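Following: one structure in structure tokens, then a few remarks.
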Amino acid sequence: MSLFAIALRSIKQRSLASVLTCFSMALGVSLMVAVITIHGVVQDSFRVGEQLGFNILVGPKGGKLQLTLNSVYYLDQPIENIPYAYYLEFKQQADRQADYRHSLANKADQLHWELTDATQQLAELGAGSGSAGLLTGAALELLQQQAEQQDPGQRDGRYGPYIELAIPLLLGDYYESFRVVGTTPDLFGTLKIGPSADQSYEFSEGRNFKAFDQTNGYFEAVVGSIVARQANVSVGDKINPRHGAVDGHIHNEPFTVVGILAPTGTPNDRAVFVNMDGFYLMADHAKPVEETPEDERENQLVEPADEDLAAGAGEFDIRTPLPIEQREVTAILLRVGGDDPISQLFAVTLPNEINEGSVAQAVYPIQEIHKFFGTFIGPVLILLLVITLMICVVSGISILVSIYNSMNDRRQEIAVLRALGAGRSTVLWIILLESMILSVVGGAIGWLLGHGLVTMASALWVEARTGVTIGFFQFAPPIADWLPISLELLLVPLLICLAIVVGLIPAIAAYRTDVAKSLGK
Amino acid sequence: MLELLDIKKSFPLPGGRQLPILSIPKFSVAEGEQVVLVGRSGGGKTTLLHLIAGITRLDSGQIIFQDKSIGTLSEPAYDRFRAAWMGYVFQTFNLLPAFTALENVLLGMTFARKAVDRGRARILLERVGLKDRLHHRPAAMSVGEQQRVAVARALANRPRLLLADEPTANIDPANQQKIVDLIRETALEEKISLIMVTHSTEVASQFDRVDQLDEINELSAGAEPTATETT
């Protein structure tokens, strides 16, 4: 018979004590597995925020972590808002011109025709040569400069040429318990996600929303997969966001759901995304023009005429986008740093430049997430792991007590084995094997129990909160880059080591059994 | 087959003193010979068997088994030697309660570093009349049946020397003779040398050779053993 069979038989002989010991170990291991797995889930759910395709986050001055949590994970409340015109400084001329068409103070067309008219008149006068021509050219150039200054749509944004992508986020509304995010179609149409930023968003149903649709106008929406499931939303449904809170008043303007995102495992699974222009057209989303601060007026350079205000205030056609003077954004997602050295340098210097200004701040969301983990999550995890490790050690001690208490009753049995020719080391190994079997079996049961608990929790709570699904046989991710294997796989050797340590005392007692004295007792 | 020369054995007492138990100038058993050893209780009969089996170690002297001196073997080597060449039948059977009759016999083979022969184990149990009890545990057997399992276990490795320490002490009178007959007949069949310790004069009278421990042990010759200080 093998030593393993002898050890197993001894365990069976003390079945009640063995079961209790195994259960004790299973409890400790299940807690440890649950902690490790949930930590992995939390880590993954936060780290997916590092793979959403943007590398800089711009928002109002305030807490960097709050800005990150609010804009990336849709947690907490927005700090404040920043002027829409500030967002346009990250855009290039073509985009700016399109947006500035909706400015209350839009005198672009007027200035353009004035310039064109002046140019024609000068041409007819034949002032294209000599000193007169030089003066005319200088005057034209001056007019051109004035036109550009007074028409912000005629120039690139201050940072525009170096920004690959700038996407605004508008937060504050809710649909049921889910955040409503106003944004542009670029979020799902242009932004690439994934570890290499090369994956496009996919839709399980429908399509991305448009800036303007012939049927739905500015009121199109896309919902995340969890929203669709939990709120029972389908393509074609009309949804009305609530203003400012989960139980805020319902906006009158419905949005048509045109697409449902395929599950991404990101916070986007738990949000409703509406077209930005439609967001602005909902009641209470327009900033009153008379309250525009001085610094915003400086940026605009052109103040709206009273007759424009009288004509436009409160009477916008539902298909006319809100003037940019009445718009604010909660945050801006930036993708910065192309292949050229200047862009890469810009990616490093841009946050400093923004932070030195008085309007906004710029953060690297990845850094903030890592800091958050390192400051809060990491220590909590270590504490939980230490506690569960102590539970396992206590369970190991129960193995020691169980086996050691049995040694008195088994002294004769050990002596018989020795008399039959088993050496001292053989009986020592039999006892250690018993300890290892109890430990590993308890650990295996604990692993199954821990994963069962986590899978249940995933189905009932985790998936709903984080969008992350935990499969039964899904191992926790590696705990560190320098240790690229799941901590769960280390449990087996750890348990064996623990078993050897706690089994050593009774094993030594067996080793030192006086055969002659113990026989016949 | 077996020769003991000038063996001495003492046991430690509290206070560092030693209690001499055995001092045997010469004791030998021929191949195939059956010897019964009788003596007073506490005289050292079991100790002598333990010394021969290597369960306890000599203080001095030689044990020569098949022309090989085994008294100086290391403990692990003696354990293996005992498993391979000797069988031991204990007074209290010493079957392992968690194992069946068949498994107890197989345990006798496990530590001899030979292939475990389940067939031989079955044959031995059949020979001792336990063909239908192979898979029964000791708790489900009578005392007589348990001792027969113990005999089968002692014979498992085809030993050259069988040591039986009062094998009938815990057996009812009706079965005592059966056990003695079983041991002697099996030893005869397989040409195994036998040393049996017994208090029973009826058992002793059946043997051709009866040795009195008091006669071969110098310490027992008419005097109580005296404790001595260790040097």
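The values are calculated or read from the model by the stated rules, or taken from the named source; none is laboratory data. Keep in mind that this is a model prediction, so the values were computed, not measured. Here Cβ is always computed from backbone atoms with ideal geometry, including for glycine, and neighbour counts include all displayed protein chains.
Here B:GLU3 clears all of (1) more than 14 Å from chain A (Cβ to nearest Cβ); (2) modelled with pLDDT under 90 except the condition numbered (2). In the set (1) part of a loop (DSSP other than H, G, I, E, B); (2) surrounded by 14 or more Cβ atoms within 10 Å (Cβ to Cβ); (3) more than 14 Å from chain A (Cβ to nearest Cβ); (4) not β-branched (Val, Ile, Thr), B:GLY15 fails one condition alone, (2).
Of everything in region B:112-126 that is loosely packed, with under 14 Cβ neighbours inside 10 Å and in a loop (DSSP other than H, G, I, E, B), the residue that is nearest to the other protein chains (Cβ to nearest Cβ) is B:ARG113. Go through region A:1-37 and give me each residue that's under 14 Å from B:PHE99 (Cβ atoms) and free of Cβ contacts under 8 Å to residues at least 40 places away in the same chain. Listed by number, the residues that qualify are A:MET1, A:SER2, A:ALA5, A:ARG9, A:LYS12, A:GLN13.
Test A:LEU448 against the stated conditions and say whether it is surrounded by 19 or more Cβ atoms within 10 Å (Cβ to Cβ) and assigned to a helix (DSSP H, G or I). Spelling it out, it is not the case that A:LEU448 is surrounded by 19 or more Cβ atoms within 10 Å (Cβ to Cβ) and assigned to a helix (DSSP H, G or I).
Residue pairs whose Cβ atoms lie under 7 Å apart, separated by 6 or more positions or on different chains, with the first residue in region A:354-378 and in contact (Cβ under 8 Å) with a residue 24 or more places away in the chain and the second surrounded by fewer than 16 Cβ atoms within 10 Å (Cβ to Cβ) and polar (S, T, N, Q), are A:GLN361/A:ASN355; A:ALA362/A:ASN355. Just one of the listed residues (A:VAL19, A:VAL35, A:VAL42) is over 30 Å from B:LEU107 (Cβ atoms), among the β-branched types (Val, Ile, Thr) and surrounded by fewer than 21 Cβ atoms within 10 Å (Cβ to Cβ), and it is A:VAL42.
Which one of B:GLY54, B:GLY42, B:GLY71 is more than 13 Å from chain A (Cβ to nearest Cβ) and on the phi > 0 side of the Ramachandran plot? So that I can check it myself, show each step before the final result.
Working: B:GLY54 fails: more than 13 Å from chain A (Cβ to nearest Cβ); B:GLY71 fails: on the phi > 0 side of the Ramachandran plot.
Testing whether each residue is more than 13 Å from chain A (Cβ to nearest Cβ) and on the phi > 0 side of the Ramachandran plot leaves just B:GLY42.
If the condition is being part of a loop (DSSP other than H, G, I, E, B) and under 16 Å from the mean Cα position of the chain (by Cα), then region A:49-77 contributes A:LEU52, A:GLY53, A:PHE54, A:ASN55, A:TYR73, A:TYR74, A:LEU75, A:ASP76, A:GLN77.
B:PRO138 - would you say it is loosely packed, with under 15 Cβ neighbours inside 10 Å and either within 12 Å of chain A (Cβ to nearest Cβ) or under 30 Å from B:ASP6 (Cβ atoms) (or both)?
Details: loosely packed, with under 15 Cβ neighbours inside 10 Å: no; either within 12 Å of chain A (Cβ to nearest Cβ) or under 30 Å from B:ASP6 (Cβ atoms) (or both): yes.
Spelling it out, it is not the case that B:PRO138 is loosely packed, with under 15 Cβ neighbours inside 10 Å and either within 12 Å of chain A (Cβ to nearest Cβ) or under 30 Å from B:ASP6 (Cβ atoms) (or both).
Of all the residues that make up region A:154-171, how many are crowded, with 21+ Cβ neighbours inside 10 Å and either aliphatic (A, V, I, L, M) or modelled with pLDDT under 90 (or both)? Working first, answer last.
Applying the first criterion (crowded, with 21+ Cβ neighbours inside 10 Å) to region A:154-171 yields A:157, A:162-163, A:166-171.
From the residues that got through so far, the ones that are either aliphatic (A, V, I, L, M) or modelled with pLDDT under 90 (or both) too are A:157, A:162-163, A:166-167, A:169-171.
The qualifying residues number 8.
The condition of being outside any helix (DSSP H, G or I), over 16 Å from A:GLU413 (Cβ atoms), more than 9 Å from every other protein chain (Cβ to nearest Cβ) and at pLDDT below 90 holds for only one of B:GLY129, B:GLY144, that being B:GLY129.
Comparison of B:GLU103, B:GLU31 shows that the only residue that is surrounded by fewer than 16 Cβ atoms within 10 Å (Cβ to Cβ) and either more than 21 Å from A:ARG512 (Cα to Cα) or touching a Pro at 6+ places or on another chain (Cβ under 7 Å) (or both) is B:GLU31. Does A:SER458 meet the test of being under 45 Å from the mean Cα position of the chain (by Cα), under 20 Å from A:MET25 (Cβ atoms) and of a type in the set (S, T, N, Q)? So A:SER458 fails the test.
Conditions: (1) more than 20 Å from A:TYR74 (Cα to Cα); (2) out of contact with any Asp or Glu (no Cβ under 6 Å at 6 or more places or on another chain). A:VAL235 meets all but one. Number of the miss? Against the list (1) more than 20 Å from A:TYR74 (Cα to Cα); (2) out of contact with any Asp or Glu (no Cβ under 6 Å at 6 or more places or on another chain), A:VAL235 comes up short only on (2).
If you check B:SER69 against the conditions, is it small (Gly, Ala, Ser), without any contact (Cβ under 8 Å) to a residue 24 or more places away in the chain, surrounded by fewer than 22 Cβ atoms within 10 Å (Cβ to Cβ) and within 30 Å of B:PRO20 (Cβ to Cβ)? Lay out the reasoning, then the answer.
Working: small (Gly, Ala, Ser): yes; without any contact (Cβ under 8 Å) to a residue 24 or more places away in the chain: yes; surrounded by fewer than 22 Cβ atoms within 10 Å (Cβ to Cβ): yes; within 30 Å of B:PRO20 (Cβ to Cβ): yes.
So B:SER69 fits the description; yes.
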